[in-house]
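The values are calculated or read from the model by the stated rules, or taken from the named source; none is laboratory data. It should be emphasised that the depicted structure is a prediction, and the values quoted were computed from it without experimental measurement. Heads up, the Cβs are rebuilt from the backbone with ideal geometry, glycines too, and the neighbour counts pull from every protein chain shown.
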Amino acid sequence: MSDSKLSIDQVTMTNPGRDRTVVAVLAIAAVVLLAGLVAPQWAKFLLTIALAKGLVVLGLLPQMRTGLVSFGQALYYCLGAYAAGLAGKWAAVSDLMVMILIGGSVAGLLALLVGVLLSRYRSIFYGLLSLALSMILYGLLVKTEALGSTDGFNVAPYTLFGYRPEQDAVRYVMLSVVTIIAAISSLVVHRHLQTPLGRMTTAIRDNEIRLEYMGASARRVIYVNYVIGAVLAGFGGAIVASAVGHIDPEMAYWTMSGEFVFMAILAGTASVLAPFLGASIFSAIHSFAFDVSPNTWQMILGASLLLVIVFLPEGLWSLFRRARRA
Amino acid sequence: MDQLIAVCIDGVIYSSWLFTSAIGLTLIYGVMKILNITHGSFYALGAYMAASVTGALLARGMEPMLSYVVLLASAAAVALIVAPLLERGLLRFMYTKDEVVIMLITYACFLMLEDAIKLIWGVDPYFVAEPYGLLDSFEIGSLTYPNYNLILIGIAVASGLGLVYVLNKTRVGRLLLTVIHDPEISRAMGINVDRFYLVTFSFGAFLASMAGAFTAPTLSVVPAMGVDIIVLSFAVVVIGGLGSLQGAAVGAVIVGLVRSISIHFAPELELFVIYFVMALVLAVRPRGLFSVAEARKI
């Protein structure tokens, strides 16, 4: 009974005639680019951060579709940020695109190594080992005087292709870059999920052993997803480092990873757009609730997470699909 | 020589503190398969309750030696009020869900409890140093240690041995082992599984709040003190193997010694080594040192 229901869902999800993800990604990116022209500076900043964190959550999405939750995504987020920041500090790299690429590649390289080990782990142990790894980085950074230990260090203003934006334009240019990277990444992940390898992600969650009886390697799928997630988290970290202009070890702490998982659960994993919805809602709750009552914003966050898990187990995104079907 | 002794004694003290903090986590996981993030909240709640109640009573002229009883009573009060509320009011409806999902639910509760603590006790630190300074100190070689540390060691040993005794030698303990082995069959046999879950959860929470209550005199009680303890307890129980009491003891000793060695010889590596050991153990024994192999389910 439940099996047949699942397959109908999957047909409607992946039926090319009805899949409007590509159009939606491009349309939303265009809207953000246009809205950025008139939005106030603070809104541009918030949106930039939300999109950057959305990138990290996008990296969690394929992993979560296999049923694995990484409680250590902050490892790559922080690593990307420090790699980008150190490239600026030691090698005088100030180009935003180069910094983002450095952040993503350093994160990806580490994941290529660590992934070999981590892809053997399932369920709660996957989360715990990734948590331990992120705490190792935190423990190292906190005590490293050369990198400012708990204070971290400042990141110099960026340039873009040799051009330094005017004071007023700094945030808009940043927002545009992030929007374009987010759009491209979403489309790449969306495409990846439609390849045979990508389609195996949900199969692993449903029944890993059956998948392996058919000759596929679950470890390979998990490995690839893990590396993709790390690269995206590295991008996100590098962007945040440059947008905020400051980095510190808290970026690797477990509460940061918790935030990413929170965003992923909030919006669900049904679409590559969901992570950005989750990150935006999280940022909105964070900044507005924090403004209204600084001592209860976590309570509001916790309550909303609880409500979503209990009443919308597939996340807020499932509301769209329900509406479309009705 | 002195340094070697200091390393060992610091290690033992820290290990006992870790063991008391972590044992409730492994108990709850072992029985209910919940990786309980609110463990940190109970630790913080215990510390706050103990610091504020003991402080208030001492200010009213309570006999100082009674403060240890008050510490214990405040921890018990926290566990008796909050834990049943959480278990009966929320968690019992979630037992059918996936392990990871239940963990996220406790994460949501942890976020809410963090703010609840700030609402009740404010954001200013609490101090209650009297119980710490009240007892004399003992000397080993040229080193002096406050006797309060002996209480910490005593609590760790007592709770560990107590749990082992109850589990293996009493009727309730044997029934609990049955529940761990197969809740459904136990229910069919007439065991009140719900009550076992309620009691286990509350007792696990009590162990956490007791650890917090007896830590309170040694430091200032501040918001977010529960945040650090969670990952630390995770490290301890994961090294030993989730759900194993011996494992938690071994994990606590390993982490305690490793940390005290690092503090004496390479202080900049203090946090690093703890999680490095955790990752190392997981890399070699994915389910921890004291775990039983589990068959993959088809």
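The residue that is nearest to A:G54 (Cα to Cα), counting only those in the stretch A:212-232 that are surrounded by fewer than 22 Cβ atoms within 10 Å (Cβ to Cβ) and either in contact with a Phe, Trp or Tyr (Cβ under 9 Å, 6 or more places away or on another chain) or free of Cβ contacts under 8 Å to residues at least 12 places away in the same chain (or both), is A:S217.
Close Cβ contacts (under 7 Å, 6 or more residues apart or on different chains) running from residues in the stretch A:190-211 that are under 22 Å from B:V100 (Cα atoms) and more than 12 Å from every other protein chain (Cβ to nearest Cβ) to residues that are β-branched (V, I, T) and outside any helix (DSSP H, G or I) comprise A:T201/A:T66; A:I204/A:T66.
In the set A:F260, A:F320, which member is buried (at least 20 other Cβ atoms within 10 Å of the Cβ) and farther than 28 Å from B:W121 by Cα? Just a single option satisfies the conditions, and that option is A:F260.
Could you tell me whether any residue of the stretch B:208-227 is at pLDDT 90 or above, under 30 Å from B:A116 (Cα atoms) and touching an Asp or Glu at 6+ places or on another chain (Cβ under 6 Å)? Looking through the stretch B:208-227, none of the residues is at pLDDT 90 or above, under 30 Å from B:A116 (Cα atoms) and touching an Asp or Glu at 6+ places or on another chain (Cβ under 6 Å).
From B:R195, B:R187, which residue is out of contact with any helix residue (DSSP H, G or I) (no Cβ under 9 Å at 6 or more places or on another chain), in a helix (DSSP H, G or I) and under 21 Å from B:P84 (Cα atoms)?
On the way: B:R187 fails: out of contact with any helix residue (DSSP H, G or I) (no Cβ under 9 Å at 6 or more places or on another chain).
That would be B:R195, the only listed residue that is out of contact with any helix residue (DSSP H, G or I) (no Cβ under 9 Å at 6 or more places or on another chain), in a helix (DSSP H, G or I) and under 21 Å from B:P84 (Cα atoms).
All told, B:A56 meets the bar of being farther than 28 Å from B:F196 by Cα, part of a helix (DSSP H, G or I) and out of contact with any strand residue (DSSP E or B) (no Cβ under 9 Å at 6 or more places or on another chain). On the given criteria, is B:I230 touching a residue at least 12 places away in the same chain (Cβ under 8 Å) and within 13 Å of another protein chain (Cβ to nearest Cβ)? Yes, satisfied.
Taking the conditions (1) under 21 Å from the mean Cα position of the chain (by Cα); (2) touching a residue at least 12 places away in the same chain (Cβ under 8 Å); (3) more than 30 Å from A:L86 (Cα to Cα); (4) surrounded by fewer than 20 Cβ atoms within 10 Å (Cβ to Cβ) in turn, A:P313 satisfies each one other than (2). Screening B:G247 with (1) farther than 16 Å from B:S21 by Cβ; (2) small (G, A, S); (3) more than 9 Å from every other protein chain (Cβ to nearest Cβ) gives one miss only, at (1).
When the residues of the stretch B:250-273 are filtered to those that are within 7 Å of another protein chain (Cβ to nearest Cβ) and surrounded by 20 or more Cβ atoms within 10 Å (Cβ to Cβ), the one that is farthest from B:L25 (Cα to Cα) is B:F272.
The residue that is nearest to B:L4 (Cα to Cα), among those in the stretch B:123-152 that are assigned to a helix (DSSP H, G or I) and of a type in the set (A, V, I, L, M, F, W, C), is B:L150. Taken over the stretch B:117-129, the residue count meeting the criterion of being more than 7 Å from chain A (Cβ to nearest Cβ) and surrounded by 14 or more Cβ atoms within 10 Å (Cβ to Cβ) is 5. The lone criterion from (1) in a helix (DSSP H, G or I); (2) surrounded by 22 or more Cβ atoms within 10 Å (Cβ to Cβ); (3) out of contact with any Pro (no Cβ under 7 Å at 6 or more places or on another chain) left unmet by B:G288 is number (1).
Looking only at residues that are touching a Leu at 6+ places or on another chain (Cβ under 9 Å) and more than 17 Å from B:V273 (Cα to Cα) in the stretch A:129-154, which one is modelled with the lowest pLDDT? Checked the stretch A:129-154; the qualifying residue modelled with the lowest pLDDT is A:G148. Considering the stretch A:205-219 alone, what residues qualify as being among the small types (G, A, S) and part of a helix (DSSP H, G or I)? Selection gives A:A218 alone.
Condition check: closer than 30 Å to B:V53 by Cβ and in contact (Cβ under 8 Å) with a residue 40 or more places away in the chain. Does B:A235 satisfy that? Judged against the criteria, B:A235 is not a match. The residues of the stretch B:207-232 that are in a helix (DSSP H, G or I) and farther than 16 Å from B:V53 by Cβ, listed by number, are B:L207, B:A208, B:A211, B:T218, B:M225, B:G226, B:V227, B:D228, B:I229, B:I230, B:V231, B:L232. The helices (runs of 4 or more DSSP H) located wholly in the stretch A:220-318 that include 1 or more residues which are under 16 Å from A:L46 (Cβ atoms) and more than 10 Å from chain B (Cβ to nearest Cβ) occupy A:254-267, A:274-292.
Checking each residue in the stretch B:82-101 for being of a type in the set (A, V, I, L, M, F, W, C), within 11 Å of chain A (Cβ to nearest Cβ) and farther than 16 Å from A:L307 by Cβ picks out only B:V100. Being touching a helix residue (DSSP H, G or I) at 6+ places or on another chain (Cβ under 7 Å) and under 27 Å from A:P313 (Cα atoms), is that true of even one residue in the stretch A:91-112? Within the stretch A:91-112 (the criterion being touching a helix residue (DSSP H, G or I) at 6+ places or on another chain (Cβ under 7 Å) and under 27 Å from A:P313 (Cα atoms)), the answer is no, since none of the residues qualifies.
Okay, residues lined up against (1) surrounded by fewer than 24 Cβ atoms within 10 Å (Cβ to Cβ); (2) in contact (Cβ under 8 Å) with a residue 60 or more places away in the chain; (3) more than 30 Å from A:G302 (Cα to Cα):
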residue	(1), (2), (3)
B:I9	yes, yes, yes
B:S15	no, yes, yes
B:T38	no, yes, no
B:S41	no, yes, no
B:T54	no, yes, yes
B:L72	yes, yes, no
B:Y95	yes, yes, no
B:V101	yes, no, no
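Do we find a residue being within 23 Å of the chain's Cα centre (by Cα) and free of Cβ contacts under 8 Å to residues at least 24 places away in the same chain anywhere in the stretch A:149-164? No, the stretch A:149-164 contains no residue that is within 23 Å of the chain's Cα centre (by Cα) and free of Cβ contacts under 8 Å to residues at least 24 places away in the same chain.
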